[in-house]
Amino acid sequence: MKLFKSLLVAPATLGLLAPMAATANEVTINDFNPAEELAITNSRVDGLEARLNNFEAGSFSETTTASFSTNMYVGYEDTAATAGDDAVVTAYDIQIDLNTSFTGEDSLDISLDGGNAGVSGIDEFDGNQTTVDDVEGLAVDGVAYTFPIGDSTTAFVGFDSDGSSLFTTACVYGGPGDMLDDCGAPNAGITGGETAVGASYDFGNGLTAAFGAQTEAGAVAGAFTEESGDSFALNGAYIADNYGISLTYASIEAVNAASVPTDEENAYTALNVYYTPDGSLPSISVGYEIGDLGGAAATEDEQASFMIGLTWDEVGPGSAGVALGHSNTNENADELYQYEAYYEYPVNDSMTITPLVYTLDAAGDVDDTTGMMVKTTFTF
């Protein structure tokens, strides 16, 4: 701001000297007091500086932060189930996360998403898709408020949020593939809620317990009423230095295609474990979920999901992983496995390139689906 002051003082001084030269025959040097005029100018500049500082300080709370990321995708998928495959497709998405705290211990989180990444050939990356009638826009993807209750309890309430937001899942596999990123528990860790609430309790020494509930997105009868489709889940976990185990149970009210409850419930139980050995050996994550289907539309009584993944934290300058698994396989049906491998390469602190290759089994004599994709992520 010193340079700003100097730029203002210089023309002001010249402006004062100019009329004095023009009327030198009418005034004497004693009629002009440079020190007094400079003091007045400095006072005005100080007032302007104070106003600018107040504006800057009042624009955002000191505890408010914003983070930005965007992904650029290139993908190719060969599948007999999709017309027009074998084409290279491109897409993008963007995410803006706003976070603020009012007490230093709570957190208000708002997520904004936009993009056109929900197309065959790159949708395995689970990119953001907000294209409606060929118009791409930015949409609110979730609003949640998390706050402590005492020393050991944390609670949250959210909209367009997951009821499992405070759950601890014993899994360290971080693959980018959409099918396997839930670590073999696609249902018990309830997600996609319209209105969600939950709480967790930390017993200390790595032992935690959590509860979550949500109204399914698309329900038209309000939240947690007899007419709404609701889900309730419990989670317990123990996380040690290099291993962890978690158990999750969910009761999910079955709904029909119009999101109307059918008075039936589906129950899911998921077990997850991981182990991270010392040295250069990869970490291993395993997940298994069993579902008891009670919905009237269910053609089978049981459903299962399974996943196993290996992660190497250091492979050259980046990290890598491989995984296999199947999801929501009805009893007596063939287990259609997906196999995937990825490599995550950080070009710099703000740019990461992630190639992914995968194969998905197809039922019967239909050719398997294979895909090759590259995601470039920018954070700023």
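Scanning segment 217-241 for residues that are surrounded by fewer than 21 Cβ atoms within 10 Å (Cβ to Cβ) and acidic (D, E) turns up E226, E227, D241. Within segment 311-323, being crowded, with 18+ Cβ neighbours inside 10 Å and not polar (S, T, N, Q) holds for A320, G321, A323.
Which residue is modelled with the lowest pLDDT, if the candidates are limited to segment 47-102 and must be of a type in the set (D, E), surrounded by 13 or more Cβ atoms within 10 Å (Cβ to Cβ) and farther than 14 Å from V119 by Cα?
Step by step, filter segment 47-102, then rank; the result is E49.
When segment 111-135 is limited to residues that are crowded, with 16+ Cβ neighbours inside 10 Å and in a strand (DSSP E or B), the one that is nearest to the chain's Cα centre (by Cα) turns out to be S111. Pairs meeting the criteria (first residue in segment 263-287 and closer than 12 Å to I308 by Cβ, second residue modelled with pLDDT of 95 or more and aromatic (F, W, Y), beta carbons under 6 Å, at least 6 apart or on different chains) are Y275/Y243; P282/W312; I284/Y275; S285/Y173; S285/Y274.
Here is a yes/no grid of residues against (1) of a type in the set (G, A, S); (2) more than 23 Å from T329 (Cβ to Cβ):
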position: C171; (1), (2): no, no
position: A196; (1), (2): yes, yes
position: S200; (1), (2): yes, yes
position: G222; (1), (2): yes, yes
position: L234; (1), (2): no, yes
position: L247; (1), (2): no, no
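For (1) of a type in the set (A, V, I, L, M, F, W, C); (2) surrounded by 15 or more Cβ atoms within 10 Å (Cβ to Cβ); (3) farther than 21 Å from Y76 by Cβ; (4) at pLDDT below 95, each residue gets a yes or a no:
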position	(1), (2), (3), (4)
Y339	no, yes, no, no
Y345	no, yes, no, no
S350	no, no, yes, no
P355	no, yes, no, no
L360	yes, yes, no, yes
D365	no, no, yes, yes
T369	no, yes, no, yes
K375	no, yes, no, no
F380	yes, no, yes, yes
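For A217, the conditions (1) modelled with pLDDT of 95 or more; (2) touching an Asp or Glu at 6+ places or on another chain (Cβ under 9 Å); (3) aliphatic (A, V, I, L, M) all hold with the exception of (1). May I ask you to list the residues in segment 177-208 that are crowded, with 20+ Cβ neighbours inside 10 Å, at pLDDT 90 or above and part of a loop (DSSP other than H, G, I, E, B)? Listed by number, the residues that qualify are L180, D182, C183, G184, A185, P186, N187, A188, G189, I190.
The values are calculated or read from the model by the stated rules, or taken from the named source; none is laboratory data. In this text, all values refer to a predicted model and were calculated from it rather than measured experimentally. Virtual Cβ from ideal backbone geometry, glycine too; neighbours counted across all protein chains shown.
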